[in-house]
Amino acid sequence: MVDETPYQRIFRRNREWVSEMTRTDPGFFQRRSSSQQPEFLFIGCSDSRVQAELLTGAVPGEMFVHRNVANLVHHADANLLAVLHYAVDVLAVKAIIVCGHYGCGGVLAAMSTDRHGLIDYWLRRVQDVMRFHEADLATMPDEAARYRRLVELNAMEQGYALSRTPIVEAAWARGQSLTVHAMVYDLHNGILRDLDASYGPSGALCGGHISSGVEAFEAWAALEPDANAAVPPLVTPPPDA
């Protein structure tokens, strides 16, 4: 289309999508406008190549989604906690997925000794995972393998941290059917892979987090938000911060 801007393209594609959905399923929008009953909460990375509905084949209404850089679970993140509360307590999802992806820029940045600005505060949790799994990562044959393994370990540990939140623990205490799973997405072939790290009311259901620093990670997961916020930053804040 001549002189179409990227912003205008959004609306054209939207109209085309609406037209196609209405043609193939006339009642599609009417059914979904009344309510939502998703079975899953998907916590993934903000990377534009990792779209939960697209890579899982889900349609609108099947999956509640939260995304952030490097798919992290910060216990002081009010945004994530609000999403988690609504998904578990209101929508009563049956499963929560933490999905990492190979080629994650956030994980790569955390591995670097360079400073990147504000994002360094956020990525502190990935560096925690690196420290807890130092022995595991040291067995990798090269830096590329180490990078891939850290992506996996990060997803597993964020799943574990999620299972230790008061929201999830309260759901299990009242007998709610809920499981937490970790998986990874491969940008190179489009395949999702289960990391064999799932959690339920009795603990790890299979595999679980295999950290040699389990005690350290559990101590972090138990932090109250105020204490968590007090962790020293990676970089010195600017004078006007």
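Full extension of the chain segment joining Asp186 with Thr139 gains 14.7 nm, where the gain is 0.36 nm per residue of separation less the Cα-Cα distance. Charge dipole (Cα centre; +1 on Lys/Arg Cβ, -1 on Asp/Glu Cβ; no other charges) of segment 1-146 amounts to roughly 380 debye. For segment 58-93, the residues whose backbone nitrogen is under 18 Å from a point 7 Å from the Cα of Ser35, taken along Cα to Cβ, are 60-64, 86-93. Measuring how big segment 56-125 is from its alpha-carbon positions, Rg and Dmax come out at 14.4, 42 Å.
Here the calculated FRET efficiency for Ala173 and Val59, from their Cβ-Cβ distance with R0 = 25 Å, stands at 0.15, rounded to the nearest 0.05.
Legend: Rg and Dmax of segment 120-161, from Cα coordinates, 10.1, 29 Å. Once a ≥ b ≥ c are taken as the square roots of the eigenvalues of the Cα gyration tensor of segment 31-82, is the result rounded (a/c under 1.5), prolate (a/b larger than b/c) or oblate (a/b not larger than b/c)? Because a/c hits 1.5 or more and a/b fails to exceed b/c, segment 31-82 counts as oblate.
Distance between the pseudo-spin-label points of Gln51 and Val18 (7 Å out from Cα toward the beta carbon): 1.8 nm.
First check a/c for segment 1-100, with a ≥ b ≥ c the square roots of the eigenvalues of its C-alpha gyration tensor; if it is under 1.5, answer rounded, and if not, answer prolate when a/b is larger than b/c or oblate otherwise. Verdict is oblate for segment 1-100. Which residues among segment 59-73 fall inside the zone where the amide N is under 17 Å from a point 7 Å beyond the Cα of Phe28, along Cα→Cβ? Backbone N within reach: 59-63. Under 12 Å from the Cβ of Gly44, count the other residues' Cβ atoms, weight Lys and Arg +1, Asp and Glu -1, and hand me the total. Net local charge, Gly44 excluded: 0. Here the extension length gained between Thr5 and Ser112 equals 34.9 nm, from 0.36 nm per residue of separation less the Cα-Cα distance.
Readers should treat all values here as calculations from the given coordinates under stated rules, not as data from a laboratory. These figures come from a predicted structure and were not determined experimentally. Counting neighbours? That spans all protein chains shown, and the Cβs are built from the backbone with ideal geometry, glycine included.
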